[in-house]
1. Working only within the range 218-230, note down all residues that are free of Cβ contacts under 8 Å to residues at least 40 places away in the same chain and open to solvent by 10 Å² or more (accessible area, probe 1.4 Å).
2. Kindly indicate whether any position in the range 282-289 is open to solvent by 80 Å² or more (accessible area, probe 1.4 Å), at pLDDT 95 or above, assigned to a helix (DSSP H, G or I) and not assigned by TED's automatic domain parsing to the domain that holds His140.
3. Lys3 passes all but one of (1) farther than 18 Å from Glu78 by Cβ; (2) open to solvent by 40 Å² or more (accessible area, probe 1.4 Å); (3) in contact with an Asp or Glu (Cβ under 8 Å, 6 or more places away or on another chain); which number fails?
4. Which is assigned by TED's automatic domain parsing to the domain that holds Leu150, among the hydrophobic types (A, V, I, L, M, F, W, C) and open to solvent by 10 Å² or more (accessible area, probe 1.4 Å), of Ala22, Ala41, Ala35?
5. Quick one: is Leu30 touching a His at 6+ places or on another chain (Cβ under 9 Å), surrounded by 14 or more Cβ atoms within 10 Å (Cβ to Cβ) and at pLDDT 95 or above?
6. Tell me whether the range 194-203 contains one or more residues that are touching a Ser or Thr at 6+ places or on another chain (Cβ under 7 Å), touching a residue at least 24 places away in the same chain (Cβ under 8 Å), over 16 Å from Glu92 (Cα atoms) and assigned to a helix (DSSP H, G or I).
7. Consider Thr12 against the criteria (1) surrounded by 18 or more Cβ atoms within 10 Å (Cβ to Cβ); (2) more than 16 Å from Pro146 (Cα to Cα); (3) among the hydroxyl-bearing types (Ser, Thr, Tyr): it satisfies all of them except one. Which criterion is unmet?
Amino acid sequence: MIKKVSVIGAGTMGNGIAHVFAQNNFEVNLIDVNAPQLEKAIQTISKNLDRQIAKGTISENVKKQSLANISTFTSIKEGAQDADIVVEAASENIDLKLKIFKEIDEAAPVSTILASNTSSISITKIAAVTKRAEKVIGMHFMNPVPVMKLVEVVKTIATDPAVYEEMVAFGAKLGKTPVRAQDSTGFIVNRLLVPYLLDAIRALEEGVGSIEDIDNSMKLGCGHPMGPLTLLDFVGLDTTYYISQIMFDEFKERRFAAPPLLKRMVLAGWNGRKSGRGFYDYADPQNPKAMKF
Ligand SMILES: NC(=O)c1ccc[n+]([C@@H]2O[C@H](COP(=O)([O-])OP(=O)(O)OC[C@H]3O[C@@H](n4cnc5c(N)ncnc54)[C@H](O)[C@@H]3O)[C@@H](O)[C@H]2O)c1
């Protein structure tokens with residue numbers, strides 16, 4: 001029976017994944033190399049639980065219990081040693097993920113299922129650095145994790161079908177709708193979403209429209225909940241840049257290539273909402289102002 005889950009990486013996705021597990025009564029070990037990031041993650045989870053209380057979807061007691069379910073660690077060795085499942089949500093970088101999976105494989109019990117929340121890195125490649133490829137899957141949650149209903153559950157040719165079915169059922173137990181995807185770069189969601197987001201940046205580069213007009217076009221013209229440039233700031237420009245490089249490397253198609261402006265913004269450290277600046281300036285987070293380039 002699954003009782004304890006280790007989540008590696010306490011950034012945008014890691015804090016949301018830890019939140020959802022903790023709220024569903026699992027014990028969570030949240031691990032990040034960066035100790036201040038762990039503190040920030042707990043604050044974010046607390047704030048997001050407060051939002052749920054304000055909406056009337058959970059009680060104060062659920063908040064208290066959820067926070068009590070989470071312990072924080074800066075070492076994988078300590079934080080993964082007693083996990084039934086490990087979900088990795090560290091930065092989207094192949095070398096980093098391969099190093100982390102070797103470490104998890106050594107630290108976690110042999111029965112532990114290992115999942116990656118990667119958006120674009122091959123699960124087969126990740127599984128190959130472990131001694132348990134049959135227990136390695138993709139579990140791709142959507143941002144913000146406590147709100148979004150989807151989880152893509154990804155299997156490789158080496159995944160044990162019983163492990164896969166257990167994880168599809170586990171996704172449903174978390175209150176998510178699991179969809180089944182093969183280990184093809186970008187899976188289903190990013191295969192469709194990434195070219196759209198990159199095209200929005202190309203439209204801006206080519207002067208087709210302003211930041212606000214591109215966003216309003218897709219919001220008001222197509223009924224999207226937010227425009228593509230706002231969504232890019234939310235996802236993280238560094239994360240999108242890494243994803244596009246991996247997808248371009250796989251498919252060699254222009255639609256997956258990073259536009260120069262995206263690269264320049266990442267070089268400048270303008271990574272979107274999490275760094276205070278992207279296509280919008282978040283000095284006043286309630287009232288973002290479009291950047292002028
Ligand atoms: N941002 C999104 O919208 C989104 C959506 C779905 C999936 N993802 C995927 O989730 C993963 C995480 O993305 P994110 O947006 O949360 O990134 P992020 O930059 O917000 O957070 C990454 C975290 O990983 C930590 N980290 C780096 N090296 C580590 C290590 N060796 N051990 C432990 N922690 C380490 C960093 O300190 C940071 O806190 C990526 O694989 C990304 O592709 C992102």
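1. Taking the range 218-230 as the starting set, the residues that turn out to be free of Cβ contacts under 8 Å to residues at least 40 places away in the same chain are 218-228.
Of everything in the range 218-230, those that are free of Cβ contacts under 8 Å to residues at least 40 places away in the same chain and open to solvent by 10 Å² or more (accessible area, probe 1.4 Å) turn out to be Met218, Lys219, Leu220, Gly221, Cys222, Gly223, His224, Pro225, Met226.
2. Let us first name the residues in the range 282-289 that are open to solvent by 80 Å² or more (accessible area, probe 1.4 Å), namely 283, 286, 289.
Remaining after also requiring at pLDDT 95 or above: 283, 289.
Retained after the next criterion (residues that are assigned to a helix (DSSP H, G or I)): none.
No, the range 282-289 has no match at all.
3. (1) is the only condition that Lys3 fails.
4. After applying the criteria, what remains is Ala35.
5. On the way: touching a His at 6+ places or on another chain (Cβ under 9 Å): no; surrounded by 14 or more Cβ atoms within 10 Å (Cβ to Cβ): yes; at pLDDT 95 or above: yes.
Against the criterion (touching a His at 6+ places or on another chain (Cβ under 9 Å), surrounded by 14 or more Cβ atoms within 10 Å (Cβ to Cβ) and at pLDDT 95 or above), Leu30 does not qualify.
6. Let us first name the residues in the range 194-203 that are touching a Ser or Thr at 6+ places or on another chain (Cβ under 7 Å), namely 194, 197-198.
Checking the rest, the ones that are also touching a residue at least 24 places away in the same chain (Cβ under 8 Å) come to 194, 197-198.
Narrowing the set further to residues that are over 16 Å from Glu92 (Cα atoms) leaves 197-198.
Remaining after also requiring assigned to a helix (DSSP H, G or I): 197-198.
Scanning the range 194-203 turns up at least one residue that is touching a Ser or Thr at 6+ places or on another chain (Cβ under 7 Å), touching a residue at least 24 places away in the same chain (Cβ under 8 Å), over 16 Å from Glu92 (Cα atoms) and assigned to a helix (DSSP H, G or I).
7. With respect to (1) surrounded by 18 or more Cβ atoms within 10 Å (Cβ to Cβ); (2) more than 16 Å from Pro146 (Cα to Cα); (3) among the hydroxyl-bearing types (Ser, Thr, Tyr), Thr12 is out only on (2).
Per-residue answers, yes or no, for (1) closer than 24 Å to Tyr242 by Cα; (2) assigned by TED's automatic domain parsing to the domain that holds Thr130; (3) part of a loop (DSSP other than H, G, I, E, B):
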{"residue": "Pro144", "(1), (2), (3)": "yes, yes, yes"}
{"residue": "Val151", "(1), (2), (3)": "yes, yes, no"}
{"residue": "Thr159", "(1), (2), (3)": "no, yes, yes"}
{"residue": "Glu165", "(1), (2), (3)": "no, yes, no"}
{"residue": "Gly175", "(1), (2), (3)": "no, yes, yes"}
{"residue": "Pro178", "(1), (2), (3)": "no, yes, no"}
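The values are calculated or read from the model by the stated rules, or taken from the named source; none is laboratory data. Predicted, not measured: the structure shown is a model, and the values here were computed from it. Cβ sites come from the backbone with ideal geometry, for glycine too, and all protein chains shown count toward neighbours. SASA here: full protein model, heavy atoms, side chains in, ligands and nucleic acids out. Shrake-Rupley method; radii C 1.70, N 1.55, O 1.52, S 1.80 Å.
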